[in-house]
């Protein structure tokens with residue numbers, strides 16, 4: 001399969017899977033997570049809905065398996081974007097945060113602290129979703145090997161790599177869990193699975209050297225810092241109203257652009273850093289809200305800034321999903337640049 005055709009099929013596969021999962025979540029799944037008052041917001045810990053949090057985690061993991069199976073022609077970033085934006089059907093059905101604020105009945109500081117905990121609990125869930133996406137893709141690859149996306153960088157010769165040395169490149173693909181667990185502690189089969197699809201063994205050996213790991217951690221820190229800073233700035237600019245559509249669009253657009261810029265400046269192998277960006281931004285903003293004035297009723301609640309009326313489900317879907325779509329677009333553009341530099345035209 002030539003690159004022109006694979007690019008087109010990847011795009012069609014991602015958008016078709018995204019629309020399908022979004023519709024399924026909106027019409028089938030969301031009624032199970034809606035509050036008793038259907039106009040109220042979908043919140044979990046602040047609403048004492050621990051069972052809802054567990055159900056949300058289960059839905060996320062099921063979507064990860066489905067996305068991995070139905071998007072084998074896409075790079076892993078695209079499959080993860082499908083999971084998170086597909087889950088956005090919940091955010092579309094959710095009511096505004098102001099209903100939660102009015103019914104909370106005590107200073108909002110406690111509500112924001114619970115939202116911080118909720119965001120932090122999502123990190124291991126998203127890390128597990130990464131693994132399930134890779135498992136689904138690996139299963140399809142064993143049956144239909146020609147349908148599995150292949151990393152262009154792993155197929156280039158040494159001469160071709162020299163020809164594109166001016167293009168900033170990541171050093172392969174790496175899972176969230178390889179970032180937090182030393183690879184030497186994992187069995188070989190698990191290490192190969194978490195290393196992503198299409199990586200060469202030689203690349204993995206280079207990445208595990210102390211110098212390469214140190215350089216990678218520096219790039220990860222730079223990428224995360226740029227993405228969080230740019231995302232927060234853009235969200236502050238775009239969110240001028242607490243309307244649901246503006247909150248979702250503002251988060252999506254802000255972190256899509258932030259991810260593209262961060263990936264251009266600091267290309268990294270561990271793409272989990274992109275879905276971590278909105279989570280870090282959410283924790284920072286919730287902490288600022290908790291440390292500031294904490295109104296309980298009346299005019300004080302009416303004057304809460306729109307940026308402090310963003311729900312955790314919004315950060316998870318529009319924020320993290322926008323960031324993953326941004327890195328997917330960025331990686332596609334980088335691949336086009338590489339191919340055109342090598343003399344093979346490709347249309348996106």
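No lab work stands behind these numbers, since they all come straight from the coordinates. Only a predicted model underlies this, so the values are computations on that prediction, with no experimental measurement involved. All Cβ positions, even for glycine, are placed from backbone atoms using ideal geometry, and neighbour counts span all protein chains on display.
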Worksheet, complete the sentence: Quick calc: nm separation of the 7 Å Cα→Cβ label points for residue 253 and residue 128 -> 3.6
Worksheet, complete the sentence: Ranked from fewest to most other Cβ atoms within 10 Å of their own Cβ, 77, 118, 216 fall in the order 216, 118, 77
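Extension gain residue 340-residue 287, at 0.36 nm per residue separation less the Cα-Cα distance, in nm? Walk me through the intermediate numbers first.
Numbers: separation 53, 0.36 × 53 = 19.08 nm, distance 4.57 nm.
This chain segment gains 14.5 nm when fully extended.
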Fill in: Point-to-point label distance, residue 6-residue 117, nm (Cα→Cβ direction, 7 Å offset)
4.7
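Please work out how much length the chain gains when fully extended from residue 143 to residue 106, using 0.36 nm per residue of separation minus the C-alpha to C-alpha distance, in nm with one decimal.
Working: separation 37, 0.36 × 37 = 13.32 nm, distance 5.62 nm.
Going from the current span to full extension adds 7.7 nm.
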Worksheet item: Ranked by Cβ crowding within 10 angstrom, fewest neighbours first, how are 145, 330 ordered?
Response: 145, 330
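Which of 260, 247, 237 comes first, and how do the rest follow, when ranked by fewest Cβ neighbours within 10 Å? Could you put the intermediate results ahead of the total?
Details: 260 22, 247 26, 237 10.
Going from sparsest to densest Cβ surroundings: 237, 260, 247.
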